[in-house]
1. Give the number of residues within segment 392-425 that are touching a residue at least 60 places away in the same chain (Cβ under 8 Å), within 18 Å of THR538 (Cβ to Cβ) and crowded, with 19+ Cβ neighbours inside 10 Å.
2. Filter segment 45-60 for residues that are over 24 Å from ILE275 (Cβ atoms) and either touching a residue at least 24 places away in the same chain (Cβ under 8 Å) or aromatic (Phe, Trp, Tyr) (or both) and give the result.
3. Within segment 427-451, which residues are within 24 Å of LYS292 (Cα to Cα), within 16 Å of ligand 2 (Cβ to nearest atom) and either touching a helix residue (DSSP H, G or I) at 6+ places or on another chain (Cβ under 6 Å) or not assigned by TED's automatic domain parsing to the domain that holds VAL523 (or both)?
4. Tally the residues that are surrounded by fewer than 21 Cβ atoms within 10 Å (Cβ to Cβ) and among the small types (Gly, Ala, Ser), restricting the search to segment 535-556.
5. Among VAL543, VAL496, VAL553, which is the only one that is touching a helix residue (DSSP H, G or I) at 6+ places or on another chain (Cβ under 9 Å), over 29 Å from ARG346 (Cα atoms) and not hydroxyl-bearing (Ser, Thr, Tyr)?
6. Tell me the residue from PHE575, PHE586 that is within 16 Å of ligand 1 (Cβ to nearest atom), assigned by TED's automatic domain parsing to the domain that holds VAL433 and assigned to a helix (DSSP H, G or I), please.
7. Which residue out of GLY94, GLY75, GLY37 is under 17 Å from ALA177 (Cα atoms), of a type in the set (Gly, Ala, Ser) and in a helix (DSSP H, G or I)?
8. Could you figure out which of (1) within 16 Å of ligand 2 (Cβ to nearest atom); (2) in contact (Cβ under 8 Å) with a residue 60 or more places away in the chain isn't true of THR515?
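The values are calculated or read from the model by the stated rules, or taken from the named source; none is laboratory data. Bear in mind that the values here come from a model prediction, so they are computed numbers and not experimental data. With ideal geometry, Cβ positions are generated from the backbone for all residues, glycine too; neighbour counts draw on all protein chains shown.
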Amino acid sequence: MATTDVSSAAPDLDVSRRADPSGYRVIPAKHPWRVAGTVVAALLIAVSLHSILTNQRWGWGVFAQFFFDPAVLVGLGRTLWLTLLATIVGFFIGGLLAFARVSKSKLLSGLSWAYIWLLRSIPLIVLLLVLNNIGYLYPTVDIGVPFTDILFAQYGTTSVLSVFAVAVIGLSLNQAAFSAEIIRGGILSIDQGQQEAAAALGLSWRRQSLRIILPQAMRAIIPSGFNEIIGLAKATSIVYVLALPELFYTVQVIYKRNLEVIPLLMVATVWYLIIMSLLSIVQFGIERYFAKGATREVQAPLFGRLFGPGRTARAIAAARATPVTQRAPLAAFDRHSHDVGRIDIRRVTKRFGDFKALDGVSLAIEPGEVTAIIGPSGAGKSTLLRTINHLERPDAGFVSIDGEIIAFEQRGELLYELKDPAIRKRRAGIGMVFQNFNLFPHLTAVENIIEAPIAIQGLAHDEAVSLALDLLDRVGLSDKAEAYPRHLSGGQQQRVAIARALALKPKVLLFDEPTSALDPELVGEVLDTIKELAQSGTTMVIVTHEIGFAREVADKIVFMENGRIVEAGAPERVFNSPSHHRTAEFLAKVL
Ligand code: ADP
Ligand code: MG
C-alpha cells in the first residue's frame, strides 16, 4: 500500500529482484536459558562424577571386593526369593480379595473390606514382629477336626515357621491388601457391557473373570501393580528386624565387622538398582502384551515373535489352505439346532425402585417369526429384550423359550430358581447383539467368535476357528479374521458381533438397536446382514428405530410405551392403520 511506512513494511520477499533466491539464510531463534540450563546440568554431572570417583572415602576398591561376595550373593538371592514369593502369593490372595469385594454377597465383600482395612492399618514391621512371636500365642500347630478332640498331627510352631516363612507370610499378607485394591480398580475400569456380553454368551463366572475382565483390567493394574512390586522388593529390607540375612542385613553384618559402611551400602544400592531396572524392563514387556488391541496403531508384541505364530493364527492359516470359492449366504447357515424357538412372555413386570419399567407385558412369538419392537425412548424395549435372556430378572411373570423358563423350573404352581450353570446353558440358545457391539477389545475377530463355542459347547479349538472363518465369510468379513475390534469400522464390528452371536447356533436372536451407534452410511451393511438372517428361520426380536427396515423384514410389529405393549400386529396393519392413537402419533414423528 502506498501509505505504509517503508521501514516497517512486510519483508521483501520479491524473489525476482534477487540475484540468487536460494541465498536466504535461516537463523534459528536463540534460547539463552536453555543453553544456561544445559551448561549447569553438565557441570553438576561433572562435579558429581569427579567427587564420586576421586573421593577416596567412597571406597570403590572395597565395593569391588564385596560386590560378588558369596554372603552378599546369598543375601541377594533371599531378597529375590522374598520378592518373588510375596508377589505371587500377595497378588493371588489380592485377586481373590478383589473379586470378593465386588461380589454380590454382602458377607464376602464385607470380609474382604475388613481384611484390607486391617492389613493396611498395621505397619508392616509390627505385623512381622507379631508373626515372628506367634509361637508365644499358639505354641503348637494342630491338624485335626475343629471343635472336636480329633487330632491327626501336632507340630511345634517355631519348628514349622522358619524366619524365612514368617517373612514370606508377613510380606504376602501385607501385599495382598494393597494389590486387592489395585486389582479392584482394574476391574472397575472395565465397561459393564463387557460383562453383559460375556454373560449373554453363557460364559461361566470364572471364564468371564479370567478371559474377559482380567486381561482387560491388566492394562490398569500393571503400572500400579509394578509400583507395588518394586516397593515390595525394597520393603523386603525391613525383614532385617527378624535377623533374616537378606541383602540389606548381610551388608549390615559385614560393615559392622569391617567398618566400611559407605562401600557396603553402595553394594546394596547398586544391586537394588539392578533389580529395579530388570523389573522395569519386565513391566514394559508385560504392558506391551496386554496392550493387544487397545490402541489404534498395531503394536507388535515385544517377545511375541520368539514363539512364532500362535495357535489361532496357525489354525486360520490351515483353514485358509483350502480356498473359499464364493461367499456362502447367511440364510443357509447351519440351522439344524434352531428348528424351534417359540418365545412366550407372560405378564412380565420389572421395577427399578418404584419405577415400573415393564408393566405386565405379555407377548407370544412363534418359531421363525421376526418381531420388531418400536416405541419412544424409555418405553422399556431394552428391558423387555433383556428379560428374555435373563440379563434382567423379572419381578413378576416369566419368559419361556420352547416351554422352558429361562431361570426357573416349574413344578406345579411353584417356580424354582435354577443354579447359574443351568441358566447359562439355556442362555447359550439365545444370541444377543447389543447397540454398542460389546466386542471384547483384547481379542481378534476370530477369538471373539470362538470363545463361547469352545467354552460352552466344548468345540475343539481348530474346529471352532473354521466355524468362525465360515461365519466371518458369511457376514462379508473374511479378510478381517485377525483384526482387533478397534481396527474395524462400527459396521464391521457389529457384523462380527452378529457372527459371534450366531456361532452358538442359537434358536433365538435378540437385537437391541443394532444400528443406533452407527454412522448413517454404515447402517445399510448391518441391516442387510440382518435381513439375510431373517430368512434363515431363526426366531428374531429386533428393537429398532429403522421403520422402513422393520416394515420390510418383520412379520410382526410391537409398539411399546411406558412399559406396556400398546399394540401389536402385521406391519401393513400397524403402519397403515394403527388402531391406537399413540401409535399413530409416534409414527407421525418418526416416519
Ligand atoms: P428403551 O430401551 O425403550 O429406551 P429401557 O428399557 O432401556 O427403555 O428403559 C425403560 C425405563 O427403565 C427407562 O425409563 C429407564 O430409565 C429405566 N431403567 C432401565 N434400566 C434401569 C436401571 N438399571 N435402573 C433404573 N432405571 C432403569
Ligand atoms: Mg433401549
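1. 1
2. Listed by number, the list holds a single entry, ARG57.
3. Of all residues in segment 427-451, those within 24 Å of LYS292 (Cα to Cα) come to 433-451.
Applying the additional criterion that residues be within 16 Å of ligand 2 (Cβ to nearest atom) yields 433-438.
Correct list: VAL433, ASN436, PHE437, ASN438.
4. Residues in segment 535-556 being surrounded by fewer than 21 Cβ atoms within 10 Å (Cβ to Cβ) and among the small types (Gly, Ala, Ser): 3 in total.
5. Values: VAL543 fails: over 29 Å from ARG346 (Cα atoms); VAL553 fails: over 29 Å from ARG346 (Cα atoms).
Result: VAL496 is the single residue among VAL543, VAL496, VAL553 that is touching a helix residue (DSSP H, G or I) at 6+ places or on another chain (Cβ under 9 Å), over 29 Å from ARG346 (Cα atoms) and not hydroxyl-bearing (Ser, Thr, Tyr).
6. Working: PHE575 fails: within 16 Å of ligand 1 (Cβ to nearest atom).
One residue alone meets the criteria, PHE586.
7. Working: GLY75 fails: under 17 Å from ALA177 (Cα atoms); GLY37 fails: under 17 Å from ALA177 (Cα atoms).
None of the other options fit; the residue is GLY94.
8. Going through (1) within 16 Å of ligand 2 (Cβ to nearest atom); (2) in contact (Cβ under 8 Å) with a residue 60 or more places away in the chain one by one, THR515 breaks only (2).
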